[in-house]
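Scroll down for the structure; my scribbles are underneath it.
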Amino acid sequence: MGCYLSMAGISNTIIEKANHPRPHVGESMVTSSTRIFEEISFLKTMEETGFVKKYGATWHAPANRGKFSIEFAEFPQPGIHQDYTYHVDRGKFDHQLLKHAEDMGSIVVQGVVVKRVLFEDGRAVGVRAGFGNQEVDMRAKVIVDASGRGTLLGRQMRVIEKDPLFNQYAVHAWFKGLDKGDDHTRDHIHIYFLTVERGWVWQIPITEEITSVGVVVDKSVFSEFHSDIETYFNAQLQTNANLAHTMRHAERINEFKSEGDYSYSLTNFVGDGYLMIGDAARFVDPIFSSGVSIALYSAKYASERIVRAFEMNDFSAAVFKPYEDRLRQGAGIWYEFIRLYYKLLPLFTRFIANPEYRLQVLQLLQGEVFDRSEVPVLDTMRKYIETVENASSHLFKPQLADIPLD
Ligand SMILES: Cc1cc2nc3c(=O)[nH]c(=O)nc-3n(C[C@H](O)[C@H](O)[C@H](O)COP(=O)(O)OP(=O)(O)OC[C@H]3O[C@@H](n4cnc5c(N)ncnc54)[C@H](O)[C@@H]3O)c2cc1C
């Protein structure tokens, strides 16, 4: 956001409570991010830093050691000249992006917490920030809440809607000594299905030696497992044969971290004088590595409306609303895809193996769909699920999850 505003000649200040670099979850990207990096002249830094290149994704079935892969090169995106994206150490990546925003013109203040957004007559006019023991009020024409899952404004205004379907819980850490094999999928993101419903594990290479591994399950699965975190984590790893093999000599090199309660939406993403972007607006389940891409695109689209607001000298919700509609639609497409995916896991495998649908599924996986009419494959998936539901007997029927389609 800072980069886009500076490029438009709008002075801006980024207030960040952490002192970067700091660790963060969300380490694997989708290719649509490249377009934003190019637009804000950040791609060169990504390349020079030497982040691990991600050419595709591989999924592993729990039982029979079966696996299947996709390569981004199969579905080139117009205007994007790379057939790969990146896996990142978020400490490094976020720090560099922040420095880049500063180089482009943002004023960056670190180690300062925004306590609340200040309103006058229902319009956001500034923030109250804590500098050490002091509180300082800072005024601005537009306030952008980019506070991530902290959802500063969402909590202040009490407008967070918890996701009614997904209550996933993740435990993750970095490891050394994985046996990643030596074929072309070595540096893919690997997703391993577990035997518990909606359970999966990510394997994301951070460097040649270090790999991030995270176990994601429905919160109830974790709560019912009465044991220490290490035993829980290792027990889940054993439920997928390929994963157990990959991890057999792995050694954990940092503390386990956990993330819960992370799927929600806000009732509104904009108001008079303010907008919310990234996770501060909406968070969908991370199964398809969509979070950073949604955050980047939300900044791009929100900044376009802010530029328009300056041109019109009108900072009302009405001017910002087209941004909200667009982001809602884009995140809604991800959400629908994730819902259909969890509803009937074999469907995803089947569609990706079908030449008629493979490219559309790939388009979804690359993360640049903000128009629902571009992906009729979602309707076809829906119809397929309905057929399975209504059949008196069907091979996939026992695998239907208890998730409503709408
Ligand atoms: C288990 C899990 C796995 C995930 N895996 C992936 C993945 O593989 N790929 C992917 O793309 N995404 C993934 N994500 C999602 C990804 O982490 C987020 O979508 C992404 O980081 C959102 O970026 P953001 O800028 O909106 O928020 P953040 O990156 O969280 O940044 C928010 C910033 O605001 C600062 N802040 C917060 N409150 C205040 C305050 N009051 N005052 C000042 N500063 C404040 C924070 O310090 C932070 O630096 C995952 C998420 C989870 C939970």
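The values are calculated or read from the model by the stated rules, or taken from the named source; none is laboratory data. All figures in this text were calculated on a predicted structure; none of them were measured in a lab. Every residue, glycine among them, receives a Cβ derived from its backbone with ideal geometry; neighbour counts consider all protein chains shown. Accessible surface areas use protein heavy atoms only, side chains included; no ligands, DNA or RNA. Shrake-Rupley method; radii C 1.70, N 1.55, O 1.52, S 1.80 Å.
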Tell me, yes or no, whether the stretch 195-210 has at least one residue that is free of Cβ contacts under 8 Å to residues at least 24 places away in the same chain, more than 16 Å from the ligand (Cβ to nearest atom) and polar (S, T, N, Q). no
Could you count how many residues in the stretch 51-70 are at pLDDT below 95 and open to solvent by 50 Å² or more (accessible area, probe 1.4 Å)? 4
Only one of GLU120, GLU135, GLU102, GLU161 is more than 13 Å from the ligand (Cβ to nearest atom) and more than 26 Å from VAL25 (Cα to Cα), namely GLU120
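If I ask for residues that are open to solvent by 30 Å² or more (accessible area, probe 1.4 Å) and in a loop (DSSP other than H, G, I, E, B), which ones from the stretch 261-285 would you list?
ASP261, THR267, ASN268, ASP272
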Single unsatisfied condition, THR239 versus (1) open to solvent by less than 10 Å² (accessible area, probe 1.4 Å); (2) more than 28 Å from ILE306 (Cα to Cα); (3) more than 16 Å from the ligand (Cβ to nearest atom): (1)
From the option list VAL369, VAL319, single residue qualifying as surrounded by 13 or more Cβ atoms within 10 Å (Cβ to Cβ) and outside any helix (DSSP H, G or I) is VAL369
Restricting to the stretch 5-45, name every residue that is part of a helix (DSSP H, G or I) and either basic (Lys, Arg) or within 14 Å of the ligand (Cβ to nearest atom) (or both). SER33, THR34, ARG35, ILE36, PHE37, LYS44
Which residues, counting only those in the stretch 71-111, are open to solvent by 40 Å² or more (accessible area, probe 1.4 Å), more than 25 Å from SER6 (Cα to Cα) and in contact with a Pro (Cβ under 8 Å, 6 or more places away or on another chain)? ASP83
Picking from PHE75, PHE93, PHE42, the residue that is touching a residue at least 12 places away in the same chain (Cβ under 8 Å), over 27 Å from SER303 (Cα atoms) and of a type in the set (Phe, Trp, Tyr) would be PHE75
Go through (1) assigned to a helix (DSSP H, G or I); (2) more than 11 Å from the ligand (Cβ to nearest atom) for ASP314 and report which single condition fails. (1)
